[in-house]
Amino acid sequence: MPSIPERAAFSGAQPLLAALALSALLACAGCARANDGLTVMWTNRPEFASYAELFNSSQNRYRLVVEFKDNPAGDFIAAKDSPDLVVGPWLKGEKARSKLAPVDYLFTELRLGSKLFYSSLLDLGNVRGRQYLLPVSFNLPALVFSPDRGSLIDNDFALSLEQIQRLSSDFNAKEKGVYTRMGFSPRWNSEFLYLVARMHNARFEEGSPLFAWNEEGLRSAIEYLRGWTRTINTSATAEDEFQFKYLYDPPYRLVTGGRSVFSYMPSDAIFVLPGDKRQNLDFRWVMKDGKTPIRDDIVYMGVSRKSKNLEAAEAFIVWFFTEKTQRALLDRSVAMGINSHSFGISGGFSSLRPVNERVFPLYYPSLLGHLPPPETLSVPRILPNNWELLKSDILVPWLEEMARKPEGMTPSLQEAIAAWQNAH
């Protein structure tokens, strides 16, 4: 096992979650000496330390311990001794999937209800008719704005890219030819640039040499971004100057301060804001063609083919994926103060529709009337297990460079990939 300090350091930026993780690890260390029959979970989500503790206290037959991994998918692929359960993002790729056991029999035995899950999320964990992964949690991209702007938006849960453009243009103001207010630019946030590419059907996915994409969709996204800059905000230079001059505060302050009409914030950032700050904000999910893209880092749960405690792993899965359990987990998060650092279930919306629709609004009242209909959610394609690295090192810098250029596609994304490979 990794040392306790190594694993506890995982969440140093979040003191409460780090303390929770360390407490669980210390408890696990004592258990391991007394009993070799422990069920082991690998995850990068520290909330599961609390979840495991509640599971262990709910029955006296099984004991689940949590080992923290910065990259559970990568460690799982490389491991000789696998855990029983693995929880985290990037588990859907071929290398990780080949080490997982199908769990669809839990549905056929009626131990799990497939209709409770968001079907698109469940389908993403299904390969050739076998269910290898169960979705745990997900997050959505949103724009926040001042509540006094809410009357200008006729949709209770989403904003289309076209609406964002129009409202941003109407908000823009200049003095002596220089912008003093600028509604929004996709170029101000790298994640938003990437979302625009996804919404234009760029179809990033696992492939050779590092990843694959739809060239036509990618070109369409670049032209759309350039058109936004040119027609709404005059030029990339004007956007950059405004950003340098004014956009140094946290996103929520930019809109409450009146310099911009929108700021990008994903759901897991919005719902950990203190209540006094959140009450001064409204929000809508980002949409194009009636679809809101779920962020890439969906958390999934799988069972190792080499699990030594399959019965216990199944017991945890059946216990975890119920509305009753997840409500108890949310109660526990509030009681322990975890909810001030971590949104919802495992840092996001639950993969169970009834939990989001009936339970979440009790803990997050601003979600009432703001939950997107399930049919509007769009999932990413299957991505490589090192997607965060590839996206941050190759794709995002390339998108930023292309979006700033007035024209042309040089270097191509393929050339950017080749340059990165040569440097590594």
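The values are calculated or read from the model by the stated rules, or taken from the named source; none is laboratory data. Not measured: the values here are computed from a predicted model. Virtual Cβ from ideal backbone geometry, glycine too; neighbours counted across all protein chains shown.
Scanning segment 351-371 for residues being out of contact with any Gly (no Cβ under 7 Å at 6 or more places or on another chain) and more than 17 Å from LEU122 (Cβ to Cβ) gives a total of 13. If only residues of segment 93-102 that are touching a Lys or Arg at 6+ places or on another chain (Cβ under 9 Å) and touching a residue at least 12 places away in the same chain (Cβ under 8 Å) are counted, the one that is surrounded by the most Cβ atoms within 10 Å (Cβ to Cβ) is LEU100.
If you go through segment 387-409 one residue at a time, do you hit one that is modelled with pLDDT under 95, farther than 30 Å from ARG63 by Cα and of a type in the set (S, T, N, Q)? Scanning segment 387-409, I find no residue that is modelled with pLDDT under 95, farther than 30 Å from ARG63 by Cα and of a type in the set (S, T, N, Q), so the answer is no. Here the helices (runs of 4 or more DSSP H) wholly within segment 321-423 that include at least 2 residues being among the basic types (Lys, Arg) and farther than 26 Å from PRO209 by Cβ are 323-336. Quickly run through segment 346-403 and pick out the residues that are surrounded by 15 or more Cβ atoms within 10 Å (Cβ to Cβ), polar (S, T, N, Q) and without any contact (Cβ under 8 Å) to a residue 24 or more places away in the chain. Passing the criteria: only ASN356. Any residue in segment 147-166 that is not assigned by TED's automatic domain parsing to the domain that holds PHE192 and crowded, with 16+ Cβ neighbours inside 10 Å sitting within a Cβ distance under 7 Å of a residue that is part of a helix (DSSP H, G or I) and at pLDDT below 90? List the pairs, counting only those 6 or more apart or interchain. Going by the 7 Å Cβ cut-off, there are no qualifying pairs.
Condition check ((1) more than 30 Å from LEU91 (Cα to Cα); (2) within 20 Å of the chain's Cα centre (by Cα)) across all residues:
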position	(1), (2)
ASP154	yes, no
LYS176	yes, no
THR180	yes, no
SER185	yes, no
GLU191	no, yes
HIS200	no, yes
PHE211	no, yes
GLU215	no, no
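Taking each residue of segment 73-86 that is in the same structural domain as LEU310 (by TED's automatic domain parsing) and looking for partners that are part of a loop (DSSP other than H, G, I, E, B) and of a type in the set (Phe, Trp, Tyr) with beta-carbon atoms closer than 9 Å, six or more apart or interchain, yields ALA73/TRP90; GLY74/TRP90.
Here segment 63-88 is the region considered, the condition is being touching a Leu at 6+ places or on another chain (Cβ under 9 Å) and not hydrophobic (A, V, I, L, M, F, W, C), and the residue that is nearest to PRO135 (Cα to Cα) is PRO72. Considering segment 156-178, and only residues there that are of a type in the set (Lys, Arg) and not in a helix (DSSP H, G or I), the residue that is nearest to GLY227 (Cα to Cα) turns out to be LYS174. Taken together, the residues in segment 321-362 that are farther than 27 Å from ARG111 by Cβ, among the hydroxyl-bearing types (Ser, Thr, Tyr) and at pLDDT 95 or above amount to 1.
Answer with yes or no whether GLU223 is under 20 Å from the mean Cα position of the chain (by Cα) and among the acidic types (Asp, Glu). The answer is no for GLU223. For segment 103-126, a residue qualifies if it is surrounded by fewer than 17 Cβ atoms within 10 Å (Cβ to Cβ) and hydrophobic (A, V, I, L, M, F, W, C), and the qualifying residues are PHE107, LEU110, LEU116. Anything in segment 211-233 that is surrounded by fewer than 20 Cβ atoms within 10 Å (Cβ to Cβ), touching a Phe, Trp or Tyr at 6+ places or on another chain (Cβ under 8 Å) and in a loop (DSSP other than H, G, I, E, B)? List them, or say none. Within segment 211-233, TRP213 is the sole residue that qualifies. Restricted to segment 248-268, and to residues that are within 14 Å of ASN189 (Cα to Cα) and modelled with pLDDT of 90 or more, which residue is surrounded by the most Cβ atoms within 10 Å (Cβ to Cβ)? The residue in question is PHE262. Being touching a residue at least 40 places away in the same chain (Cβ under 8 Å) and more than 30 Å from SER342 (Cβ to Cβ) is not true of ARG198.
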